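Q: This is the structure I have questions about; it appears just below.
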Amino acid sequence: MAKTIVITGANRGIGLAMASIFSERGDSVYAVCRQSSPALDALGVTVVEGVDVTEESGLATMAQALTGQAIDVLVCNAGILRDENLANFNLDTMREQFEVNTLAPLRVVHALQANLGAGAKVAMITSRMGSIADNTSGGRFGYRMSKAALNIAAVSLSHDLAEQEITVGIYHPGYVQTDMVGGRGDISANESASRIIGLVDELTLATSGQFRHSNGQQLPW
């Protein structure tokens, strides 16, 4: 049965790849972004432009476009990566990453809560760089902290939404060849997206709130 999918940050990278795969298998996709791209337009999905997930006006635009529309899968994918260390200490970029990577996904879920019913799934695209146990190289203060905060927020969501039978998946996509990392990486956006979609398909209340690599491995906090 075709499902209704909402993806933030869908104009490029992993979000675009997920929009393509969901659409190809017959699902109805709402691709949410600040500005569309030729690649996204070519998919023929419903594009919801003008949405900055850190701004009330953008969230209102998104919610209005989805008024009355039941959502089966909500993918909170929009995120940014900046670089700080003790020698390059930048509070502005740290705050920016918290706004986009941590608070925005929560704001998206809050704004669309009325669209989520029993059986709906929320997928948080995070990073293993938010794992405290896995941090062996330091640096990247804003990114690491914002993703660690997203992880704990997503676990709270998994508990808060369980009574409504809504599940939450917390996914590290892998080291993906996207613009965010300058095209470096060891897997393509399509491969990562395909893996994540497989995990979303398998997500149940029993596995809600788990932190997983896109390859299925359960990651340490």
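Q: Given the conditions (1) surrounded by fewer than 19 Cβ atoms within 10 Å (Cβ to Cβ); (2) over 18 Å from the mean Cα position of the chain (by Cα); (3) over 30 Å from Glu202 (Cβ atoms), and given that Glu96 satisfies all but one, which numbered condition is not satisfied?
A: (2)
Q: If you don't mind, there's one more thing I want to ask. Specify the residue that is nearest to Val73 (Cα to Cα); the eligible residues are those in region 1-41 that are in contact with a Leu (Cβ under 7 Å, 6 or more places away or on another chain) and touching a residue at least 60 places away in the same chain (Cβ under 8 Å).
A: Among those that are in contact with a Leu (Cβ under 7 Å, 6 or more places away or on another chain) and touching a residue at least 60 places away in the same chain (Cβ under 8 Å), it is Val6.
Q: To continue, here is another question. Conditions first: (1) free of Cβ contacts under 8 Å to residues at least 60 places away in the same chain; (2) within 18 Å of Leu157 (Cβ to Cβ); (3) assigned to a strand (DSSP E or B). Asp72 passes all but one, so which condition is the exception?
A: (1)
Q: Turning to a different aspect of this structure: May I ask you to list pairs of residues, at least six apart or on different chains, whose Cβ atoms are under 9 Å apart, with the first in region 146-164 being free of Cβ contacts under 8 Å to residues at least 24 places away in the same chain and under 20 Å from Asp72 (Cα atoms) and the second being part of a helix (DSSP H, G or I) and among the basic types (Lys, Arg)?
A: none
Q: Here's something else I'd like to know. Go through region 22-35 residue by residue and tally those that are buried (at least 18 other Cβ atoms within 10 Å of the Cβ) and either farther than 22 Å from Glu55 by Cα or of a type outside the set (A, V, I, L, M) (or both).
A: Taking region 22-35 first, the residues buried (at least 18 other Cβ atoms within 10 Å of the Cβ) are 22, 27, 29-33.
Right, trim to either farther than 22 Å from Glu55 by Cα or of a type outside the set (A, V, I, L, M) (or both) and you get 22, 27, 29-30, 33.
Qualifying residue count, region 22-35: 5.
Q: Say whether the condition of being within 27 Å of Ser57 (Cβ to Cβ), at pLDDT 95 or above and either of a type in the set (A, V, I, L, M) or in contact with a helix residue (DSSP H, G or I) (Cβ under 8 Å, 6 or more places away or on another chain) (or both) is met by at least one residue in region 165-174.
A: Scanning region 165-174 turns up at least one residue that is within 27 Å of Ser57 (Cβ to Cβ), at pLDDT 95 or above and either of a type in the set (A, V, I, L, M) or in contact with a helix residue (DSSP H, G or I) (Cβ under 8 Å, 6 or more places away or on another chain) (or both).
Q: Which of (1) surrounded by fewer than 13 Cβ atoms within 10 Å (Cβ to Cβ); (2) in contact with a Ser or Thr (Cβ under 6 Å, 6 or more places away or on another chain); (3) among the hydroxyl-bearing types (Ser, Thr, Tyr) does Thr4 not meet, given it meets every other one?
A: Failed condition: (1).
The values are calculated or read from the model by the stated rules, or taken from the named source; none is laboratory data. Since we're looking at a predicted model, the values are computed, not measured. Reconstructed Cβ throughout: ideal geometry from the backbone, glycine too, with neighbour counts over all protein chains shown.
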